[in-house]
1. Which is farther than 19 Å from Phe135 by Cβ, over 18 Å from the mean Cα position of the chain (by Cα) and open to solvent by less than 40 Å² (accessible area, probe 1.4 Å), of Gly170, Gly180?
2. Report, ordered by the first and then the second residue, all pairs with beta carbons closer than 7 Å, sequence separation of six or more or different chains, a first member in the range 133-144 that is more than 9 Å from Ile117 (Cα to Cα), and a second member that is surrounded by 16 or more Cβ atoms within 10 Å (Cβ to Cβ) and hydroxyl-bearing (Ser, Thr, Tyr).
3. For the range 15-32, check the following and say yes or no: at least one residue is open to solvent by less than 50 Å² (accessible area, probe 1.4 Å), part of a loop (DSSP other than H, G, I, E, B), of a type in the set (Gly, Ala, Ser) and in contact (Cβ under 8 Å) with a residue 12 or more places away in the chain.
4. May I ask you to verify whether Ala118 is under 20 Å from the mean Cα position of the chain (by Cα) and either under 20 Å from Thr190 (Cβ atoms) or at pLDDT below 95 (or both)?
5. Listed residues Leu99, Leu41, Leu75; which is touching a residue at least 12 places away in the same chain (Cβ under 8 Å), in a helix (DSSP H, G or I) and not charged (D, E, K, R)?
6. For the structure I just gave you, tell me whether Ala222 is free of Cβ contacts under 8 Å to residues at least 40 places away in the same chain and either hydrophobic (A, V, I, L, M, F, W, C) or farther than 23 Å from Arg320 by Cα (or both).
7. Could you check the range 124-160 and list, in sequence order, the residues that are within 21 Å of the chain's Cα centre (by Cα), surrounded by 17 or more Cβ atoms within 10 Å (Cβ to Cβ) and either farther than 23 Å from Gln258 by Cβ or of a type in the set (Gly, Ala, Ser) (or both)?
8. Quick check: is even one residue across the range 72-79 within 24 Å of Pro110 (Cβ to Cβ) and not aliphatic (A, V, I, L, M)?
Amino acid sequence: MTYDSFVRDRLPQEDQQPEFLLLDYPERLNAAIELLRGGKLDDLAVVNAHGRWTYGELDEFSGRIARLLVEEKGLVPGNRVLLRGPNGYTLFAAWLGVLKAGGVCVTTMPLLRPGEIATVIDTAEISHAIVDSRFIGHFRAAADQTRHIRHLVKYDGDYGKGELETRCAGLDPLPPVDTGRDDPAMIAFTSGTTGIPKGCIQFHRDVLAPCDTFAHAHFRMAPGNVVMTSAPIAFTFGLGATLMFPLRFGAATATIEQPSPPAMLEAIAKHGVTHLATAPTAYKAMLSQPGLDEALKTLKCCLSAGEHLPKAVWEAWKERTGISIVDGIGST
């Protein structure tokens, strides 16, 4: 089988890589398949203002995306795929589909400008892209500055039938590629605020590790729970809390594209959110919002990351809600 070794060729020497002493994963492992085993086919996986989708639907759609990438777009294991768009069912299915196809996910924050996107494309030599049509402008400007993008598929958020949905409609799901636990699954880029963005390579086992350690101990969830976060999955904080953790444990994710404190409180009440993950500034802002009491009818667990959690915010939230915020900074 053809394999693109670009990422593997740039790894540190083996003796400089982390050693997992307490986590024993099988040698052959596909993280997307393992995550999707968390829930039953009919269990709710994703909910937002545009619809509700089950684990079975997420599994099938991501499998069709994998087949589109492999059979129509020529993706081979190890190729990098750029994902661009807000949190939602279609973006999640694309992320899982890339892993099923043996590709390497590179998810970009919607706020990135063309020059920043171009740096990511050049650094990772990205060949494929799946982009929300609302964010296509900056992507095209970035792609024009580079020479690597060969294949682009657009989609229309979760509210319409874009090219991705149309092209996948008649396809059968692709059986997952036989990947190993130490095969690259994603590259998480830093913001570049201190210089050129740096890409941190995560293996398939690395996708499962924070679920089975941090989340299992400190952000526990189960089937029937609903999780929501303000962070996009381009941040590992957002990826863990929004996608990895709930899927691993059979919970559901409620997504919101404009996560202001008032909008989050409204969505918590509407979707019965039990687990919330956001930044300290958002928790502080929500304390003064009129929708907090309604949200507290279902909210049980709170996680903070993205920035330092001040003691004063923790104490004020605890006093007002009775919930102790877990400081999870650095956990993914």
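The values are calculated or read from the model by the stated rules, or taken from the named source; none is laboratory data. Everything numeric here is computed off the predicted structure, so don't read it as measured data. When we count neighbours, we look across all protein chains shown, and the Cβ atoms used for this are built from the backbone with ideal geometry, even at glycine. All accessible areas refer to the heavy atoms of the entire protein, side chains included, with ligands and DNA or RNA removed. Shrake-Rupley method; radii C 1.70, N 1.55, O 1.52, S 1.80 Å.
1. Exactly one of Gly170, Gly180 is farther than 19 Å from Phe135 by Cβ, over 18 Å from the mean Cα position of the chain (by Cα) and open to solvent by less than 40 Å² (accessible area, probe 1.4 Å), namely Gly180.
2. As it stands, the answer is Ser133/Tyr155, since those pairs meet every condition given.
3. No - not one qualifying residue is present in the range 15-32.
4. When the stated conditions are applied, Ala118 does not pass them.
5. None of the other options fit; the residue is Leu99.
6. Taking the combined requirement at face value, the residue satisfies it.
7. Ala124, Ile126, Ser127, His128, Ala129, Val153, Gly157
8. Yes, the conditions are met somewhere in the range 72-79.
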